[in-house]
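The values are calculated or read from the model by the stated rules, or taken from the named source; none is laboratory data. Quantities reported herein were computed from a predicted structural model and do not represent experimental measurements. Glycine gets a Cβ as well: all are built from the backbone with ideal geometry, and neighbour counts include every protein chain shown. Protein only, heavy atoms only, side chains kept; ligands, DNA and RNA dropped before computing areas. Shrake-Rupley method; radii C 1.70, N 1.55, O 1.52, S 1.80 Å.
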Amino acid sequence: MKHPFFTYILMLCLTVFITLPQLAFSQQELSTQELMGKGSPKLFGSGYKLRKEAHLAFLKLKADALKDGIKIQVVSSYRNFDHQKRIWERKYNRYINQGLTPQQSIKKIIEYSTIPGTSRHHWGTDLDIIDANVKQPSNVLNTKHFNSLGPFCKLKEWMDTNAGKYGFYLVYTARENRKGFKYEPWHYTYKPLSSSYLKQYKTLDIKTILKNDKLEGSNAFTEQFINSYISENILDINPELL
């Protein structure tokens, strides 16, 4: 018969052996370049791109949702700096051509889109999802499609109940008085990685970086605007992610 103490030590070693790889994932540090979407991270997935731990967790979430008749489809996942810059410039120029001032154009853009270099999609932890098992409406990323009468209501209900079990959390919630980006019922993040990345991101000199990137409209990035953008758009998110 094995001694109880020997059994205890064996179980402790097994626990450490299993846990250490997970800790290594969750505590990894990113370079400034990767935090800004300018690096070359190793990403995984078919039809989407996520960091390995987020990818593995998403596969489990996706498989279990399918058992309940929900076929999760990723609309957007990892986006590098250049991709985000193209989105920014396209929207900025469209609004300018409509007669809006640079300040008005930027205000309009940041209702839903981030300034390049500040997107959570740069980290390989965030994704936008819909349900592919229902008839697809036009403009799928619209809040009305996720409410009680919308085609993606079952997906939203399922995610509200189950997403946290897999480490995924809604980022831009419908919490009253939340500022910054508007409510996005489709945007989830893998918390075990992204909460650490956000802490790292907060140590960067965002003001200097944004000014040096010389983006379209960046002449309108006053110190007051950048301070407001950081506190409201980057940090006024689901409190569970802070």
Suppose every Lys and Arg Cβ carries +1 and every Asp and Glu Cβ carries -1, with no other charges. What dipole size does the chain come out with about its Cα centre, to the nearest 20 debye?
380 debye
Centre separation in Å (Cα based) which lies between the range 99-134 and the range 172-235
10 Å
Roughly how tilted is helix 4-26, in degrees to the nearest 10 and between 0 and 90, from the longest Cα axis of the chain?
20 degrees
How far is helix 191-201 tilted, in degrees, relative to the longest principal axis of the Cα atoms in the chain, given as a value from 0 to 90 rounded to the nearest 10?
50 degrees
Packing-wise, with mean Cβ within 10 Å as the measure, how do 195-202, 42-49 rank, highest first?
195-202, 42-49
Excluding Thr143 itself, what net charge comes from residues whose Cβ is under 13 Å from its Cβ, given Lys and Arg +1 and Asp and Glu -1?
0
Too long for a 23 Å Cα-Cα cut-off, among Lys62/Lys154; Lys38/Lys191; Lys182/Lys202; Lys85/Lys182; Lys42/Lys71; Lys135/Lys182, are Lys42/Lys71; Lys135/Lys182
Please label the shape of the chain as rounded, prolate or oblate, based on the square roots a ≥ b ≥ c of the eigenvalues of the alpha-carbon gyration tensor (a/c under 1.5 means rounded; beyond that, a/b larger than b/c means prolate, else oblate).
oblate
Relative to the chain, whose Cα atoms define the longest principal axis, helix 81-97 and its Cα axis are tilted in degrees, nearest 10, by 30 degrees
Positive-end residue of Tyr95, Gln136, Val75, charge dipole of the range 49-157 with Cβ unit charges
Tyr95
Cα gyration tensor, the range 24-133 - rounded (a/c under 1.5), prolate or oblate:
oblate
Overall form of the range 141-197 per C-alpha gyration tensor (a/c, 1.5; a/b vs b/c)
oblate
Could you report the chain's accessible area per residue, 1.4 Å probe, as an integer in Å²?
55 Å²
Please report the net charge: other residues with Cβ closer than 11 Å to the Cβ of Gly124, K and R +1, D and E -1.
+3
Percent carbon-and-sulfur accessible area, the chain, ignoring ligands, DNA and RNA, probe 1.4 Å:
54 percent
